[in-house]
Every structure is written in C-alpha cells, then in structure tokens.
Amino acid sequence: MRLRLILAALAGMACVAAASDPAERLPDPAQEAQAREIFRDVRCLVCQNESIDDSEAELARDLRQIVREQVKAGKSETQIKAFLTDRYGEFVLLTPRFSAGNLALWGVPFLVVAAGVALLFVRLRKRTLDAELTPLEAERLRRLDERETPRHDPAK
Amino acid sequence: MIAEAGAFALILALALSIAQVLLSVAGRVRRSAPLAGAGEGAALAAFLAVAAAFAALMHAFVVSDFSVENVAANSHSAKPLLYRVAGTWGSHEGSMLLWCLALTGFGAAVAGLGRDLPRGLRAMTVATQGLLGTVFLAYTVFASNPLARLLTPPAEGRSLNPLLQDPALAVHPPFLYAGYVGMSVVFSLAVAALVEGRIDAAWSRWVRPWTLAAWSMLTVGITLGAFWAYYELGWGGWWFWDPVENASFMPWLIATALLHSAVVTEKRGALAGWTVFLALAAFTFSMLGAFLVRSGVLTSVHAFAVDPTRGVLLLIILAVTAGLGFSLFAWRAPTLGQGGMFAPVSRESALVLNNILLAAATATVLLGTLYPLIREAMSGEAISVGPPYFNLTFTPLMAALLILLPAGPLLAWKRGDAKGVVQRLWIAALAAAATGLLALAVVNPKKAFGVLGVALGGWLIAGALAEIVERTRAFRAPAAESWRRLTGLPRGAWGMTLAHLGLGVFVLGAVFETTWKVEAAEALPVGGSLDVGAYHVTLEAVRPVTGPNYDADRGAITVTRNGRPVCEAAPERRLYTVGGQTTSEVGLCYRGMSHIYVVLGERRDGGTYLVRAYWNPWASLIFLGPAIMAVGGLISLSDRRLRLGVGRRKARAA
C-alpha cells in the first residue's frame, strides 16, 4: 500500500497525454485509433485517477504496449478488456460494468428523475382535486346539479 | 512574536464564536435586543480575530519565517512573492484557516447587514453561523494549528508543490472557499427558519442574494480550477470527473437548484420545504467537498493538502452539523405547508423539473464519486467509476434539462400557455437547427453527437435572446416602446438571461472542443515540424533558462498556416530544484476563440524533443461561458429588488 502511494506520488508529477508518443505508435492508423479508444477506458493502476492514455508512468506504458500488441494481433475490444480484468480485476476499467453489484450505480440517477416526476404528478393531481373543492367550484357544481335534477325528476 | 499573537487571536476567535452562539440564543429566548446585539458584536469581533490570525500566517509566509512549521513545510525563500502569499492557503492548515476566515466573515456580514430580517430569525441565523464557526475554529485550534512553531527551525523550507505555483491557482482557493462557505449563510438561514417555524417571501428574498453571491464565487472558482488544469497539467483536458472536481461541482449543482426553487418560494409561496432542504444540502455538500478533498479517502489527480487522520475529524463535523440540520428539518418541515397551486404547464412546473433534473444530476455525481468506496466496503471488490460513467448518466440528464431550459422563463406563473411558448420559441428552434446544420456542413469529420451538441448550444443562446425579445416586445411594438422596455428591464432579468446565455456559450465550446480537437505528437529535432489540423508547428530552438526556483528548457515554437506566420509559443519543461519535480509549461496560441496548445516533452536520444500539439477549437468558450454566468449572477445581485430589505420597505410605503 505504501509503495502504491509513493508510486502514485511519482506518477502524478508529470502528466502529459502520454499515449500519443510516436515511439509507441502502431503503423496502422485504424488500429492505433482503436487502441487509443481502449486506453481511455483503462485505468493506470498506480496513478492518481488517470487513464493509461494520459499517464507517463512505467506501468501505463507497459499496459499500452500490451493493448497495442493485442490490437495488432486482431483481438476485439471485448477480448482485450476481458484479458485486462482477468489480470487486474474490475478496478482496471474506468467504465463500471452493468452488473448486479453496480445496479444502484447505474439505476439511481434515472430512479431519482422517475421519483421526482411521479411526486410532481401526484402533487399536480391533488392540487386539481383541491381546486375543485373550493367554495366557488362547489357552488358551480351545486348549480349544475340543480339544473340537472329536474330532468331526471320522475314527477310530472 | 507575530505568529504567537496570531495563534492567540485564533483562540480568541473560538471564544468569541462560542459567545456569539450563547448571546444570540439568549437574546432570542429572552427576546432581548441588547443580548442579540451583543451576539452580533461577537460575530464581528470573531471575524476580526480570525483575520488577524490569517494576517499573521500570511506575514510568516511572506517573510519566510521557517520557525513556523507550516511555512517550513510549504514555502521556500526563493519562491516569488505571489506564491509565498498564496502559500498561506496552499496547505491543509492554511486552507482550513481560510475556511474559518470566510465562515466568520459571512457571519459578520449577516450580523452587520441583517437589520431588515425579523429579529428572531436574525438572532437564530447569527447563532447558527456562530455554531458553525465554533466547530471549525475548534478543529483549527486543536487539530490543525497553522501557526505552530518548530523547536529547531530549518534554514530553508520544503517549498510548495510546483504545480500549484501558478497565478490562476493562487487565486482559485479564495474564490472556491468564498463559494463553499457562502452556502453556510443559507444553511444558517434555513436552520433559523426551521426553529422559527416560518418560511415566507421575506425569507426567500433573503436566501436568494446569499445563494447568488456564493454561486457566482463558486462558478468563478471552479472555472479557474478547470482553466488551471487545462494549461498546467499539460494534457489539454479541463474536466476529468475527478473526485476533487466533483466535490466542488456538487455544491454548485445544488446551489443552482436552490436559486431556482427559491424563486418559486418567494413568488408563489410554494416548495418552501424543498427550498429549505436544498439550503441545508448546499452547505452539507460544501463540507462533504472539504472532507473528500482534505482527507484523501479518494485518489485524485488534484489531491494536494491531504491528511487522512484529520479526515476522520472532518467527517465527524460533517455528520454532526448536517445531521442536526436535517433532523431539525425532519421534525419541523411538515409544519411549513405547501403553498400556492399551479397547473401542469406553468413556470412552477418548469422550475420543479429543473430541480428534479439538477437533483438527479447531483445524485449521479455523488454516487459516481462515492460508489467505489461503497462497493469496496460492502463486498471488498475494487471498481473504478471514470469519465465514461458520467458521460452515460450525467450528460443525458443535463441534455434534457438544457432542452427544456428556454421554455421556462417564457411560461407564465400558475397557468402557462404551451402553444404560446412554442410560438415564441420557433425562431430560436430554427436558429438552433441552422447552427447544427451549419456545423454538419462545414466541420469535418462529421460527428452526430457533436452536431447535436452544437445545435443545443445554439438553442440555449437563441432561447435566452428570445426571452429578451419577448419581454421587450421587439419587432411587434414600435421601436421606441421596445427600447423603453429594454432599458426598464430589472437587473435580475438581465442576470438570468446572461446566466442562461453563458451556459449556451459553454455548451458550444465544450461540445466543439471535445468533439473536434486534433492531436499530433512527434519526436522533433531542432528545426523539425509537425502538422496539427490546418497549422504547421515548427520547433525553432530549445534554450535553457533559469527561473527564480527552477531550471527549464524553453522551446521556441512558430506556428504557420499556409506558409504565413500565425503566432509564436514558448512551452517549457521545468525542473524545480528544491523538490526535484518536473512540470511542463504549456505554450498557448490564441486564434480567435480557438487555441493551439503546444507541450514540450522530454529530450530523447539523438537530440530530438517530444513535441505534442493540439488544435482545440473554440476552447476559450469553455471558460468564457461560465465567466458570463458569474457576471450574470453578480448583475442579478445588484438588482434593487434583491438588495436586502428594499422590497419590504417599498411594500410598506405602498
């Protein structure tokens, strides 16, 4: 843990978008673009919250090399990410998985909106009902009733 | 001697804060004006005492008095004056002292400016503010004394992290803290209102200016921080969804929601409970931010003044103060009543939707920030929540909010006219569509999300202008009539329009920059060049330079377009001799609203230098937008109707 902190402190010092280094680049631009896309979702494990796309740390460099090699070998993004999570755990990916354990994480934002809108609807409905019961409304309703009553009155 | 006097002043301030609480509460209970007045006097005195302590610490930094532990740990005699001054708040202890300075400052302001508040409410507000002051001053005095001496002073200090030695960052904390702590006034007002059991238009009228002031400061503070990250960290990004950024963003989102709900409470008497809830939440999130940033429970790129053990103390302070506030809320809020009714299509409904979406956005940021901790505590599994999560959750919520935004100000209170709003906004909608189509036609490569985002920015700007057109009846009434209406618009209206306009400007810049930025990197020999977008970047020379406390390689870069010179940049790679850290100083070329951003990297074998260049189109708008928003906030603040008490006096005269 202590070592991780020291490494983190060192790595945090000079942060430049390191992945664009021409010395590391793949010859095929399409493959390079795909690798960069993956880099942005992979955490530099020893850094302070940086992706391997940004970090100059030694480990980030190694991870970039691994990813680039796999991209070059024709592996898909899913396969590469599976390889990384097998090795380093879910922590290595910056996008949390859509899994049961992350249900609250992905669900709550939209749940809050749903709950808020539901509350607003309840309140608007209640208000309309209240409004119908104001004296003025009640009086109008009574008059309507009076006008209607004779029509249904069987007395002739 | 000065340091001792400062330490003494700090203890005095603590005693005065305690007196402020006791006197104000006694004044309230006995309904005694002299006692309450004495409480206000104590508030003012506490502020002066903290200011004296702050001045003492600043003096120690300026004269490089290394017998003061904090100075020895965070300063260096070779540092330029500005950064020696800024060093005062560059450490944990110093920043907590700045926090206390702001807290007592706002307490003194409430005591001094609160003449128009009802007496009971004023006394309870001053008392609550005093209680917050007591808690944080006690923390500073007992757990984080910034003026402690060293028995054996070193000859030289350990210096401030070089990344922090930057003009924008030197002034960033004072703005940020003024914003964070400004929310304490709103918190105190909410507690006082709950104790008094009364929320009325006068109360909301009081909440709004304090929220506006704090919100504007926070906007400036966050923007300065983002700008600093943009040009100092050297990777061209300005927002990383990093825990420390999120910590400052959550109070901002809540304050934004509060600004809007307080309008409903003031004008229509509705949402009183919710407004009080937000008022409590805003400062709670400020304290949460202080805890997250200072404790280091979350790893962050910006974690500088971190201390885990004292983090626990901050967590306790947070839990106790927020816990008390919300318990009081749970107990008293049901008595507040629901206020006026409104139709589904109305200004009230629009503002409620605004609040729902902002609350959801805050919940998202909170959850994204804390979820790794929660998961690790519950199942022991470590996960990361990075930018992709926020892009998938926060962005759609905000997009929904921004699409609805221009309709809000055009809706009438109580019962709005949806058809009328559509009629008034169709030109704005056309303008938005035209902006989007223009982006689609002109900008390459074609990107759907970028085009939609640009259209959204256009929609916000056109919508804000449509609101002004509507208010002045431009193009419908005679020009003289429109002019009279335009000049007669209250400043609050201008403030709102500017804030919404600024948001549109920000969206344009943010979308354009993130979608269409171009990156290029090469290992260049001196005289070599690379292309980034339409620009040709040449490394003319690299010279060694010596700064006050660093050695650097300075690149001479010329930028040309179609063979014609555009500008010159001088990026540096600095080695700070004291700490041994390297930093890069970005070379920035401003081309209209766009930037050419050049970073000089390490020297490689064969005498080449790694040069990275970015073309960041419309990047200035990212920082200009929030600046416009903050100006809008300040203009609103100067509105006569909001100037404290004026409205009530006028009402009495009428």
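The values are calculated or read from the model by the stated rules, or taken from the named source; none is laboratory data. Because the structure is predicted, anything quoted here is derived from the model rather than measured. Here the Cβ positions follow ideal geometry from the backbone for every residue, glycine too, while neighbour counts run over all protein chains shown.
Counting the residues of region B:331-363 that are basic (Lys, Arg) and more than 23 Å from B:Pro409 (Cα to Cα) gives 1.
Only residues that are surrounded by 24 or more Cβ atoms within 10 Å (Cβ to Cβ) and in a helix (DSSP H, G or I) were counted in region B:504-537, giving 8. With respect to the conditions (1) in a helix (DSSP H, G or I); (2) at pLDDT below 85, A:Arg64 falls short on a single one, namely (2).
Scanning region B:167-200 for residues that are of a type in the set (Gly, Ala, Ser) and assigned to a helix (DSSP H, G or I) yields B:Ala168, B:Ala170, B:Ala178, B:Gly179, B:Gly182, B:Ser184, B:Ser188, B:Ala190, B:Ala192, B:Ala193. When region B:18-37 is filtered for residues that are over 19 Å from B:Glu196 (Cβ atoms) and modelled with pLDDT under 95, only B:Pro34 remains. Evaluating B:Ala377 against the criteria (1) of a type in the set (Gly, Ala, Ser); (2) within 7 Å of chain A (Cβ to nearest Cβ); (3) assigned to a helix (DSSP H, G or I) leaves one unmet condition, (2).
Taking the criterion of being within 14 Å of chain A (Cβ to nearest Cβ) and assigned to a helix (DSSP H, G or I), the only residue of region B:404-435 that qualifies is B:Leu404. Yes or no: region B:564-575 includes at least one residue that is within 12 Å of chain A (Cβ to nearest Cβ), in a strand (DSSP E or B) and of a type in the set (Gly, Ala, Ser). Among the residues of region B:564-575, not one is within 12 Å of chain A (Cβ to nearest Cβ), in a strand (DSSP E or B) and of a type in the set (Gly, Ala, Ser), which makes the answer no. Within region B:383-395, the set of residues being under 22 Å from the mean Cα position of the chain (by Cα) and more than 7 Å from every other protein chain (Cβ to nearest Cβ) comprises B:Phe390, B:Asn391, B:Phe394, B:Thr395. Filtering region B:27-84 to residues that are charged (D, E, K, R) and on the phi > 0 side of the Ramachandran plot leaves only B:Arg31. When you scan region B:587-622, how many residues do you find that are crowded, with 18+ Cβ neighbours inside 10 Å and either part of a helix (DSSP H, G or I) or free of Cβ contacts under 8 Å to residues at least 24 places away in the same chain (or both)? Total meeting the criteria: 4.
The sole residue among B:Val578, B:Val545, B:Val559 that is more than 14 Å from every other protein chain (Cβ to nearest Cβ), more than 21 Å from B:Glu522 (Cβ to Cβ) and either buried (at least 17 other Cβ atoms within 10 Å of the Cβ) or modelled with pLDDT under 95 (or both) is B:Val545.
With the requirement that a residue be within 9 Å of another protein chain (Cβ to nearest Cβ) and either under 14 Å from A:Lys81 (Cα atoms) or touching a strand residue (DSSP E or B) at 6+ places or on another chain (Cβ under 7 Å) (or both), what does region A:37-59 give you? Within region A:37-59, A:Arg40, A:Asp41, A:Arg43, A:Ser51 qualify.
Checking B:Ser67, B:Ser75 one by one, the residue that is among the hydroxyl-bearing types (Ser, Thr, Tyr) and either surrounded by fewer than 18 Cβ atoms within 10 Å (Cβ to Cβ) or free of Cβ contacts under 8 Å to residues at least 12 places away in the same chain (or both) is B:Ser67 and no other.
Say we look at region B:452-468 and pick out the residues that are farther than 13 Å from B:Val507 by Cβ and free of Cβ contacts under 8 Å to residues at least 40 places away in the same chain; which of these is surrounded by the most Cβ atoms within 10 Å (Cβ to Cβ)? So that I can check it myself, show each step before the final result.
Step one: list which residues in region B:452-468 are farther than 13 Å from B:Val507 by Cβ, which gives B:465-468.
Narrowing further to those that are free of Cβ contacts under 8 Å to residues at least 40 places away in the same chain: B:465, B:468.
Details: B:Leu465: 19, B:Ile468: 17.
Among them, the one singled out is B:Leu465.
So in region B:334-348, with the set limited to residues that are part of a helix (DSSP H, G or I) and surrounded by fewer than 19 Cβ atoms within 10 Å (Cβ to Cβ), which one is farthest from the other protein chains (Cβ to nearest Cβ)? Looking at residues that are part of a helix (DSSP H, G or I) and surrounded by fewer than 19 Cβ atoms within 10 Å (Cβ to Cβ), I get B:Thr335.
Here B:Arg649 fits the description: touching a helix residue (DSSP H, G or I) at 6+ places or on another chain (Cβ under 8 Å), in a helix (DSSP H, G or I) and either modelled with pLDDT under 85 or assigned by TED's automatic domain parsing to the domain that holds B:Leu460 (or both). In the set (1) in a helix (DSSP H, G or I); (2) modelled with pLDDT of 85 or more; (3) more than 7 Å from chain B (Cβ to nearest Cβ), the condition left unmet by A:Leu136 is number (2). Just one of the numbered conditions (1) part of a loop (DSSP other than H, G, I, E, B); (2) within 14 Å of another protein chain (Cβ to nearest Cβ); (3) out of contact with any Lys or Arg (no Cβ under 9 Å at 6 or more places or on another chain) is not true of B:Trp228: (1). The listed residues are B:Ser17, B:Ser75, and the only one of them that is touching a helix residue (DSSP H, G or I) at 6+ places or on another chain (Cβ under 8 Å) and within 30 Å of B:Pro162 (Cβ to Cβ) turns out to be B:Ser75.
For region A:116-130, which positions are modelled with pLDDT of 80 or more and more than 7 Å from chain B (Cβ to nearest Cβ)? If you could, list the steps in order and put the result at the bottom.
Within region A:116-130, the subset modelled with pLDDT of 80 or more is A:116-124.
Within region A:116-130, A:Ala118, A:Leu119, A:Phe121, A:Val122, A:Arg123 qualify.
Could you tell me whether any residue of region A:77-91 is within 14 Å of another protein chain (Cβ to nearest Cβ) and closer than 18 Å to B:Leu397 by Cβ? Scanning region A:77-91, I find no residue that is within 14 Å of another protein chain (Cβ to nearest Cβ) and closer than 18 Å to B:Leu397 by Cβ, so the answer is no. Inclusion of B:Ile356 among residues that are at the interface with chain A (Cβ under 9 Å from one of its Cβ atoms), within 27 Å of the chain's Cα centre (by Cα) and at pLDDT below 90 is not warranted.
How about region B:523-534: which of its residues are touching a residue at least 60 places away in the same chain (Cβ under 8 Å) and under 15 Å from B:Trp615 (Cα atoms)? Selection gives B:Leu530, B:Val532, B:Gly533, B:Ala534. The criterion of at least 2 residues that are out of contact with any Cys (no Cβ under 8 Å at 6 or more places or on another chain) and within 16 Å of B:Val110 (Cβ to Cβ) is met, among helices (runs of 4 or more DSSP H) falling completely within region B:1-94, by B:2-29, B:33-62.
Hey, can you tell me all the residues within region B:183-236 that are among the aromatic types (Phe, Trp, Tyr) and either touching a Ser or Thr at 6+ places or on another chain (Cβ under 9 Å) or closer than 21 Å to B:Thr284 by Cβ (or both)? B:Phe187, B:Trp203, B:Trp206, B:Trp210, B:Trp215 - these are the residues of region B:183-236 that are among the aromatic types (Phe, Trp, Tyr) and either touching a Ser or Thr at 6+ places or on another chain (Cβ under 9 Å) or closer than 21 Å to B:Thr284 by Cβ (or both).
With over 30 Å from B:Ser584 (Cα atoms), without any contact (Cβ under 8 Å) to a residue 24 or more places away in the chain and not charged (D, E, K, R) as the only criterion, which of B:Leu194, B:Leu151, B:Leu189 stands out? Full working, then the answer.
Numbers: B:Leu194 fails: without any contact (Cβ under 8 Å) to a residue 24 or more places away in the chain; B:Leu189 fails: without any contact (Cβ under 8 Å) to a residue 24 or more places away in the chain.
Of the residues listed, the single one that is over 30 Å from B:Ser584 (Cα atoms), without any contact (Cβ under 8 Å) to a residue 24 or more places away in the chain and not charged (D, E, K, R) is B:Leu151.
For region A:98-115, a tally of residues being closer than 27 Å to A:Ala60 by Cα, surrounded by 13 or more Cβ atoms within 10 Å (Cβ to Cβ) and more than 8 Å from every other protein chain (Cβ to nearest Cβ) returns 0.
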